[in-house]
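A.B. asks: Take this structure, written in structure tokens, and hold onto it; I'll ask about it next.
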Amino acid sequence: MAYTKLIYHIVFRPHNNALVITEKYERDLYMYIYGFCRNRQYVLYRIKGMPDHIHILIGLPATISVASFVHDLKISCGNYMRNNVEKYPRFESWERSYGAFTCSEIEKEKVIHYITNQKEHHKKISTHDEIVSILKTLHIDYDERYI
């Protein structure tokens, strides 16, 4: 038997950074994503975001790749948003790219706090600058054209 605890901080955004997640309906979307995760027995530690992106801290089993999780989640919640066009009229699709970063149990509470305080955080730093900062901190090479 394998013993694993795989926690990921995942960030993804709508196509063209469209402002699609309004405060009025963000909770509905987050509850949908919570249900998606619960039904698959994934551990959703925190979800929060801004009109133009979502942060998720999630525990996944070793049998599920991050790419598969993000792919399935984007398809499912994209369909949910298109079926609720009155709530998400600007939503067209998700960007193909995403960020996924591992998180240790020791760092988990720090990341939860970070995700919970997204609105305050973004009063000080733009989404673009946040992404660049994360990539630089983690020493991840990136292409500015795709930020």
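A.B. asks: Search segment 61-70 for residues being over 14 Å from the mean Cα position of the chain (by Cα) and among the aliphatic types (A, V, I, L, M), and hand back the single one that is surrounded by the most Cβ atoms within 10 Å (Cβ to Cβ).
C.D. replies: Of everything passing the filter in segment 61-70, 64 is surrounded by the most Cβ atoms within 10 Å (Cβ to Cβ).
A.B. asks: Sticking with this structure for a sec: Name the single residue, out of those in segment 1-47 being basic (Lys, Arg) and at pLDDT below 95, that is least open to solvent (accessible area, probe 1.4 Å).
C.D. replies: Taking the candidates together, the pick is 13.
A.B. asks: Does residue 95 fit the bill of being in contact with a Pro (Cβ under 8 Å, 6 or more places away or on another chain), open to solvent by less than 60 Å² (accessible area, probe 1.4 Å) and charged (D, E, K, R)?
C.D. replies: Answer is yes for this residue.
A.B. asks: Is it true that residue 119 is over 19 Å from residue 7 (Cβ atoms) and touching a strand residue (DSSP E or B) at 6+ places or on another chain (Cβ under 8 Å)?
C.D. replies: yes
A.B. asks: Pairs under 8 Å by beta carbon, first residue over 24 Å from residue 71 (Cβ atoms) and at pLDDT below 90 in segment 94-121, partner open to solvent by less than 40 Å² (accessible area, probe 1.4 Å) and small (Gly, Ala, Ser), six or more apart or different chains?
C.D. replies: none
A.B. asks: Pull out all pairs, ordered by first then second residue, where Cβ-Cβ is under 7 Å, the residues are six or more apart or on different chains, the first lies in segment 127-145 and is free of Cβ contacts under 8 Å to residues at least 12 places away in the same chain, and the second is of a type outside the set (Phe, Trp, Tyr).
C.D. replies: Final answer for the pair search is 142/135.
The values are calculated or read from the model by the stated rules, or taken from the named source; none is laboratory data. Here the structure is a predicted model, which means the values were calculated and not measured. Ideal geometry is used to build each Cβ from the backbone, glycine not excepted, and the neighbour counts take in all protein chains shown. Heavy atoms of the whole protein, side chains included, go into the accessibility calculation; ligands, DNA and RNA do not. Shrake-Rupley method; radii C 1.70, N 1.55, O 1.52, S 1.80 Å.
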